[in-house]
Structure formats: C-alpha cells, structure tokens
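Each remark here refers to the structure printed beneath this line.
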Amino acid sequence: MDKSSDPRLEATQAHALQAALDLFQNEGVRAVTHGAISSATGISRSTLYRHWPKLEDLRNAAIARAATGPNSPPRTNGPLKTDLIWMLGYLMTALNDTPWGKIAPQVISVAATDDQTRNLLRNWIADRSQDVQSVFDAAVARGEIAQDAPIAQLIELSIAVPYFRKLVAGLQLDHEWLDTHVDMICKLATLNSMD
C-alpha cells in the first residue's frame, strides 16, 4: 500500500497538525514541539519525528494547513467592486474567524529568521496576489479600469491594509470597513495615471 494514500497515516498527520494549530493559537509558536503534540494527541514522539524530523518541518506543516486560500477560483465576472468585496471578504473572514488570523503574527515573526517559513509565507502571498491580480485583469478586460492603472500597487494595497489594520493596529475588520476599503481601491483604480 502506498504510504501517501494510507488513511491511517493521513488521519495521524491531520490529528497532529490540528494539535499543532491549537497550540499555535492558544500558547504560541514556542509551545509547538514534538513532545507537546505527543502529550496532546497520544501520538508517540517517534511517530511524529518520523513524519517531521525537524521541528521547523512540523511547525511549517501546521502553518501550511492554516494558510489555505479559497476553495474556488476568484470571482471575475464583475463589476470590480463586487469581485473585490468577494475576494477581500474572504481574507477578512480568514483574519477574523480562522486559525490563520490568530497565528499570522507569529508566522510573520518566525519568517524573519526561518527561511522555510519565509518561503511558505512568500508563496502564500504570491497565491493571494495572483487571485487579486485576476480580479483586476478581468476589470481591465471589461474596460472598467485603464490598462495603465497601477495594478501591482492596487494589489498590495488590497491585501496589505487588512493585515495592517487587524494584526498591527488591532482594529476591527467588518463589512462597513470592507465597503469603504473597496470603494477607495475602486476609485484609485479608475483614476487616469496621467492625471
């Protein structure tokens, strides 16, 4: 039997990663150890070390589990405001209501010194940026915004502001804020860059 399709193996890994996420959220990154996960789950340390020989591998597998994007492709049928509200609403929900919102500050901190975590975070940002890029590309194709609009900066603004607001400033992300944020981005997107 192929180990990668063994349901027992998959269940053990899922159980261990869920315990790691719980520790991440409730006690912080330093609490995520092979021993703590073994204590929380009853999975032997030797089994955990077999799956994740290095502690960083275990932590990063838990981070990857929390940092999943939308299960469906971004909406790009317009108008731009509707598509951005859907996309950024998903991000808002992730930051407010999922493990990712609780562990993201710790992930950013770990990424400052751990190359594997930094690459994981970069890949996550690239994936989310590509999703938002497709929303702007569709708006350009529909003629809603100029082809010379500063798309790269609008993407950064779309994604960075919710993170700053929630994780740095400690401010609420709600639907009223989302509407205001998206309105501002749409206005900036429709400004002629030559003005």
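Descriptive notes on the structure:
- Answer label for semi-axes √(5λ) of the Cα gyration tensor in Å (calculated), chosen among (1) 38, 17, 14; (2) 31, 16, 15; (3) 30, 23, 16: (1)
- Region 57-96 residues near the modelled THR33 label - backbone nitrogen below 16 Å, point 7 Å along Cα→Cβ: 57-59
- Size of charge dipole - the chain - debye, nearest 20, with Cβ of Lys, Arg +1 and Asp, Glu -1, no other charges: 660 debye
- Net length gained if the chain between GLN18 and ALA146 were fully extended (0.36 nm per residue, minus Cα distance): 41.6 nm
- Relative contact order of region 3-65, defined on C-alpha pairs under 8 angstrom at six or more residues apart (%): 34 percent
- Mean sequence separation of contacting Cα pairs (under 8 Å, at least six apart), scaled by the length of the chain, corresponds to a relative contact order of 20 percent.
- The lysine pair count for the chain, using Cα distances under 26 Å and pairs eight or more places apart or on different chains, is 6.
- Additional length obtainable on full extension of the chain from ALA64 to PHE164, 0.36 nm per residue less Cα span: 33.9 nm
- Inter-centroid distance (Cα atoms) of region 124-175 relative to region 43-111, Å: 17 Å
FYI, it's all coordinate maths here, none of it is from the lab. Computed from a prediction, not measured in an experiment: that's the story for all the values here. Cβ coordinates were reconstructed from backbone atoms using ideal geometry, including for glycine residues, and neighbour counts include every protein chain displayed.
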